[in-house]
1. Do any helices (runs of 4 or more DSSP H) lying entirely in the chain carry at least 3 residues that are without any contact (Cβ under 8 Å) to a residue 40 or more places away in the chain, and which ones are they?
2. If a residue must be open to solvent by 40 Å² or more (accessible area, probe 1.4 Å) and more than 22 Å from M6 (Cβ to Cβ), how many such residues does region 48-68 contain?
3. How many residues does region 34-47 hold that are farther than 12 Å from M73 by Cα and either basic (K, R) or surrounded by fewer than 15 Cβ atoms within 10 Å (Cβ to Cβ) (or both)?
4. Mind listing whichever residues of region 13-33 are hydroxyl-bearing (S, T, Y) and either buried (at least 17 other Cβ atoms within 10 Å of the Cβ) or within 9 Å of the chain's Cα centre (by Cα) (or both)?
Amino acid sequence: MAERRMVSKTVTQTQKFLRLPLEAQALYFHLILNSDDDGIVEAFPVVRMIGSSEDSLGLLVIKQFIKPLGEDMVYFITDFNEQNKIRPDR
């Protein structure tokens, strides 16, 4: 897992994101920080670590910021590649 992650303003400064409750926004950032290099994250430890509710996780699914990959609270961050892709000229 990488030690650094990028978060794009094209995602976090949208009306869709800013209308989320602050708890859901914080959870989204922590999910990105704890994801692997493909944007896949096990959400249960993150939810417990920051004291978030599972309702915030459900809200991120409803708003399509993350997609479930099974019943074990494993998720794919839908905008991960847009935010963490390094351009070829870098």
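The values are calculated or read from the model by the stated rules, or taken from the named source; none is laboratory data. Predicted model only: the values in this text are computed from it and were never measured. Methodologically, a virtual Cβ is constructed for each residue, glycine included, from the backbone with ideal geometry; neighbour enumeration extends over all protein chains shown. Accessible surface is based on the protein model in full, side chains and every heavy atom, while ligands, DNA and RNA are left aside. Shrake-Rupley method; radii C 1.70, N 1.55, O 1.52, S 1.80 Å.
1. 22-33, 43-50, 54-62
2. Initial filter on region 48-68 (open to solvent by 40 Å² or more (accessible area, probe 1.4 Å)): 48-51, 53-55, 59, 61-64, 67-68.
Filter again for more than 22 Å from M6 (Cβ to Cβ), leaving 48, 51, 53-55, 59, 61-62, 68.
Residues that pass the stated criteria total 9.
3. Keep residues of region 34-47 that are farther than 12 Å from M73 by Cα, which gives 34-39.
Going one step further and asking which of them are either basic (K, R) or surrounded by fewer than 15 Cβ atoms within 10 Å (Cβ to Cβ) (or both), we end up with 36-38.
Residues in region 34-47 being farther than 12 Å from M73 by Cα and either basic (K, R) or surrounded by fewer than 15 Cβ atoms within 10 Å (Cβ to Cβ) (or both): 3 in total.
4. Y28
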